[in-house]
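Visitor: Here it is: the structure, laid out below.
Laboratory data are not the source of any read-out in this text; all were calculated from the coordinates shown. Here the structure is a predicted model, which is why all the values come from computation and not from measurement. Note: ideal-geometry Cβ built from the backbone for every residue, glycine included; neighbour counts use all protein chains shown.
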């Protein structure tokens with residue numbers, strides 16, 4: 001049965017910075033960056049013998065946050081089909097962050113498990129497997145889903161591809177369609193080569209043109225290039241205002257050689273909406 005998109009408060013995230021759950025000394029440092037969302041990672045960034053201690057540290061840290069800071073916080077739990085994931089849900093019950101990242105999401109039922117345990121929390125499913133991609137439309141539209149994220153590293157490993165742009169282009173395009181169909185934001189996989197900031201900026205700009213609305217980061221130095229790639233320039237904002245004003249006063253018309261009509265106006269409206277969040 002096809003599920004209709006649900007109406008939720010806007011989720012605006014250009015940059016999502018991961019910080020290891022086993023390094024509580026880095027939590028405040030991550031929040032001091034310009035990242036829109038800081039995500040404490042209890043999954044891939046934590047070794048098996050450190051998960052219990054990381055879980056306790058994260059739970060204690062979240063309990064001490066003020067409301068404004070808590071809205072910027074997310075936690076990536078372990079998969080809900082694992083024992084560690086169930087322990088994560090139990091530890092976060094009653095002190096859940098604003099957003100929970102759900103790895104290897106493959107069915108809407110995975111999201112339902114999180115919301116049943118934690119209540120009114122935004123779930124950001126990671127599509128990291130072929131099975132997850134095949135269910136991406138349903139996952140994006142599921143109640144509780146606040147955005148989608150491409151888990152490119154796991155996906156590339158599963159299909160035997162490299163992390164280069166071209167081998168994963170078709171996957172990204174499929175996720176753009178799923179997210180757009182459910183009117184959800186879409187966050188791209190982190191750029192794993194930390195020192196290649198120019199390459200990161202190019203990749204972020206390319207995925208932005210595809211329809212992604214943000215990108216994850218694994219180091220604080222990656223945040224500013226990502227924010228720049230997903231933020232409209234002053235010239236773009238000025239142009240958007242001019243186009244919208246032309247359409248408002250003249251209807252269908254031309255402005256500096258550009259044909260102004262409904263779909264064009266909607267694109268510029270999105271630019272202004274993004275500018276309001278940056």
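Visitor: Once both axes come from the Cα atoms, what is the angle between helix 51-63 and the longest principal axis of the chain, in degrees from 0 to 90, rounded to 10?
Guide: With both axes taken from Cα atoms, the answer is about 60 degrees.
Visitor: Could you tell me how far the Cα centroid of the stretch 123-190 sits from the Cα centroid of the stretch 30-96, in Å?
Guide: So the separation of the two Cα centres works out to 22 Å.
Visitor: Using R₀ = 41 Å, calculate the FRET efficiency as 1/(1 + (r/R₀)^6) where r is the Cβ-Cβ separation of residue 206 and residue 249; round to 0.05.
Guide: Details: r = 35 Å, r/R0 = 0.87.
Efficiency, from the Cβ-Cβ distance: 0.70.
Visitor: For the stretch 173-278, report the translational diffusion coefficient in µm²/s to the nearest whole number, using Stokes-Einstein at 37 °C, 0.692 mPa s, and a Kirkwood Rh over Cα pairs. Show your work: numbers first, answer last.
Guide: Values: Rh = 15.2 Å.
The estimated diffusion coefficient comes to 216 µm²/s.
Visitor: Given R₀ = 41 Å, what would the calculated FRET efficiency be for residue 158 paired with residue 256, taking r from the Cβ atoms and rounding to 0.05?
Guide: According to the calculation, E is roughly 0.30.
Visitor: For residue 198 and residue 68, calculate 0.36 nm times their separation in residues minus their Cα-Cα distance, and state this gained length in nm to one decimal.
Guide: Extra length available between residue 198 and residue 68 comes to 43.6 nm.
Visitor: Same structure, new question: Using a/c under 1.5 as the rounded threshold, could you call the stretch 1-116 rounded, prolate or oblate? The axes a ≥ b ≥ c are square roots of the C-alpha gyration tensor eigenvalues, and prolate needs a/b larger than b/c, oblate otherwise. Present the calculation step by step, with values, prior to reporting the outcome.
Guide: On the way: a/c = 1.78, a/b = 1.17, b/c = 1.52.
It comes out oblate by the Cα gyration axes.
Visitor: May I ask you to derive the relative contact order of the stretch 234-276, considering only C-alpha pairs under 8 Å and at least 6 residues apart, and to give it as an integer percent?
Guide: Working: 35 pairs, mean separation 18.6, N = 43.
In percent, rounded to a whole number, it is 43.
Visitor: Sticking with this one: FRET efficiency for residue 53 and residue 31, Cβ-Cβ distance as r, R0 = 22 Å, nearest 0.05?
Guide: For R0 = 22 Å, the calculated efficiency reads 0.60.
Visitor: Taking the chain as the reference, fit the longest principal axis to its C-alpha atoms, fit the long axis of helix 197-210 to the helix C-alpha atoms, and give the angle between the two in degrees, 0 to 90, nearest 10.
Guide: For helix 197-210, the angle is close to 60 degrees.
Visitor: Continuing with the same structure: So how compact is the chain: Cα radius of gyration and Dmax in angstrom?
Guide: Reported Rg and Dmax, both Å: 19.2, 66.
Visitor: So what does log10 I(q)/I(0) come out to for the stretch 234-276 at q = 0.15, 0.21 Å⁻¹, using the Debye formula with one equal point on every Cα and no solvent?
Guide: Log-scaled intensity ratios, in q order: -0.30, -0.58.
Visitor: Can you tell me the orientation of helix 83-92 relative to the chain, as the angle in degrees between its alpha-carbon axis and the longest Cα principal axis, to the nearest 10?
Guide: 80 degrees
Visitor: Taking springs between alpha-carbon atoms closer than 10 angstrom, which of 45, 174, 67 fluctuates most in the Gaussian network model of the chain?
Guide: Maximum among the listed residues: 67.
Visitor: I'd like to compare 84-97, 213-226: which one has the highest average count of other Cβ atoms within 10 Å, and what's the full order after that?
Guide: Numbers: 84-97: 18.5, 213-226: 22.2.
For the peptides 84-97, 213-226, the packing ranking is 213-226, 84-97.
Visitor: Report the relative contact order of the stretch 107-265, percent, no decimals, based on alpha-carbon pairs under 8 angstrom and at least 6 residues apart.
Guide: Dividing the mean separation by the residue count of the stretch 107-265 yields 15 percent.
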